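The values are calculated or read from the model by the stated rules, or taken from the named source; none is laboratory data. Keep in mind that this is a model prediction, so the values were computed, not measured. Note that we place each Cβ from the backbone using ideal geometry, even for glycine, and neighbour counts take in every protein chain shown. Please note that ligands, DNA and RNA were not included when accessible areas were found on the heavy atoms of the full protein model with its side chains. Shrake-Rupley method; radii C 1.70, N 1.55, O 1.52, S 1.80 Å.
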Amino acid sequence: MDRELLRVKMLDSFTIAWKDRAVGDTNGHSKMVWLLLAYLICARGRAVSAEELASLLWQDGGKSANPRNAMKTTFFRARTALDRLWEGAGHQLILRLNEGYAWNSAIPLELDLDRFRQLCAAKGPDRRSALEQAVRLYGEGFIPKLQDNAWAAEQAGALRALYLRAVHALLALLEGRGGWEEAAALCAAALVQDPLNEELYRRRMSALMELGRSRAAAQVFEDMNQVFLAKTGGIPGEAAQALYRQAVSDVNDRRVPAAALLEQLNEEAAPGAFFCDYDVFRALYRLQVRDAARTGEEVSLAVLTLTDQQDGELGRRSLELAMGNLRQLAQGLLRQGDAMAKCSLDQYVLLLPRSGFESSRMVCQRIRKAFLRQYPHTPAKLRITVCPVNAKDPGPGKTGK
């Protein structure tokens, strides 16, 4: 071969290119082949023992009936893949040494990971341009097809952290010069990589509000609220909620005719309880407690919790199915004046106006019986707590199960 550079790409996908030829993780070989090649390239400059490679390739502790032959087969397939670049490339690029195996560092190589790190570390007047290049280069991160491997996942985590630092640095530069459109788009792209990053949501909301798109900013919060509930069982912090209130206020501050307001606020007739986001539920609760303090009527809260039969946590798929079934059933059994919200991964909270402790407990027992009757083979166990609300002191009073 001549001395033309090998071009290796590990961000977004894995390809090794030389001149006009390329091989990569779309060429049909098993994941072990590409994992082996990626590891050797990242470890270039040192010999890797057979034991180290075996630990990499069979990370779950599983053993081949003939581990020596299994390793030989993986190396044969890797070298065969590399031979598509030029004749004999496999043996020229992967060297067998007394200490183990090594990637031939004497053959010039250009690796996108090196370029990415250089761009992220850039300083001076060209920093913004460098960070923009780094963000584009990152794509979907380190070899997505290998993420079920512990080593690959560790590499991906470190690179993702570097990417997010670059994103926040670039956001500061964009916001400083009023580049709100670019900032909003950058936040949206980065949230795909880190969907629980509350700061990115807040900065996206702020950028949209600077652009006069308060309704879109409010929608960002509502989407965030759903993601947090689904993945963590929690809700966004006060800073995000304050931005949301400001966005909603901006939308509502525009002068609207009374007839149009009535049309916007009307709800199509629907049986059963009103289901809403938890932040809306909290506002309804506070309003109901105020009204109860004025009228003297009783109000109760009820919490519905799903566990396994031993009061432990349900598996994810079982929990999602059981929570969907419980919502549909409970919502239909409650009154139109009641409210219901998801407050954690495995819990719903109910607001029961004009309902005391005993009557609320009876309602919840009906829900429990109907759940057991309708889903007799479910692995889920339904636990219920009823809390009568003291209207003079909004904290819960006695509880019952």
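Charged side chains reduced to their Cβ positions (Lys and Arg at +1, Asp and Glu at -1) give the chain a dipole of some 640 debye around its Cα centre. Taking Lys and Arg as +1 and Asp and Glu as -1, the other residues whose beta-carbon sits under 11 Å from that of Met362 total +3.
May I ask you to compute the full-extension gain from Asp311 to Ala293, defined as 0.36 nm times their residue separation minus their alpha-carbon distance, rounded to one decimal in nm?
Details: separation 18, 0.36 × 18 = 6.48 nm, distance 3.66 nm.
Taking 0.36 nm per residue and subtracting the Cα distance, the gain is 2.8 nm.
For Glu140 and Ala70, calculate 0.36 nm times their separation in residues minus their Cα-Cα distance, and state this gained length in nm to one decimal. Please report the intermediate quantities before stating the final value.
Working: separation 70, 0.36 × 70 = 25.20 nm, distance 3.12 nm.
Going from the current span to full extension adds 22.1 nm.
In the chain, the alpha-carbon atoms span a convex hull of 216 Å³ per residue.
Placing +1 on the Cβ of every Lys and Arg and -1 on the Cβ of every Asp and Glu, with no other charges, gives segment 92-194 a dipole of roughly 220 debye about its Cα centre.
Over all directions, average the projected area of the Cα convex hull of segment 161-241 and note it in nm². Could you put the intermediate results ahead of the total?
Values: hull surface 19.9 nm².
The directionally averaged projection comes out at 5.0 nm².
Net charge in the neighbourhood of Ala283 (other residues with Cβ under 12 Å of its Cβ; Lys, Arg +1, Asp, Glu -1) is +2.
Between the amide H of Asp25 and those of Phe14, distances stay under 5 Å, these residues lying 5 or more places away or on another chain, with hydrogens modeled in the peptide plane.
Averaged per residue, what accessible area in Å² does segment 162-228 show with a 1.4 Å probe, protein chains only? Display every interim value, and only then the final one.
Working: 2790 Å² over 67 residues.
Spelled out: the 1.4 Å probe surface of segment 162-228, per residue, equals 42 Å².
For segment 93-183, the equivalent ellipsoid derived from the Cα gyration tensor has semi-axes of 33, 16, 9 Å, listed largest first. With the helix formula -39500 (n - 2.57) applied to DSSP H stretches of n ≥ 4, the chain reaches a computed 222 nm mean residue ellipticity of -17000 deg cm²/dmol.
Less than 5 angstrom separates the built amide H of Phe274 from those of Asp338, Ala339, Met340, all sequence-distant by 5 or more or on a different chain.
For the chain, relative contact order (Cα pairs under 8 Å, six or more residues apart, normalised by length) works out to 12 percent. Taking a point 7 Å out from the Cα of Gln246 in the direction of its Cβ, the residues of segment 173-189 whose backbone N falls within less than 17 Å of it are 175-181, 183-184. For a quick check of your reading of the filter: which trypsin sites (Lys or Arg not before Pro) in segment 51-146 sit in a DSSP loop and have no more than 15 other Cβ atoms within 10 Å? Of the trypsin sites (Lys or Arg not before Pro), the ones in loops of segment 51-146 whose Cβ has at most 15 other Cβ atoms within 10 Å are Lys63, Arg84, Lys123. Around the amide H of Val48, modelled in the peptide plane, lie the amide H atoms of Tyr101, Ala102, all under 5 Å away and 5 or more residues distant in sequence or on another chain. The alpha carbons of segment 1-151 stretch over 57, 38, 30 Å along the principal axes, in descending order.
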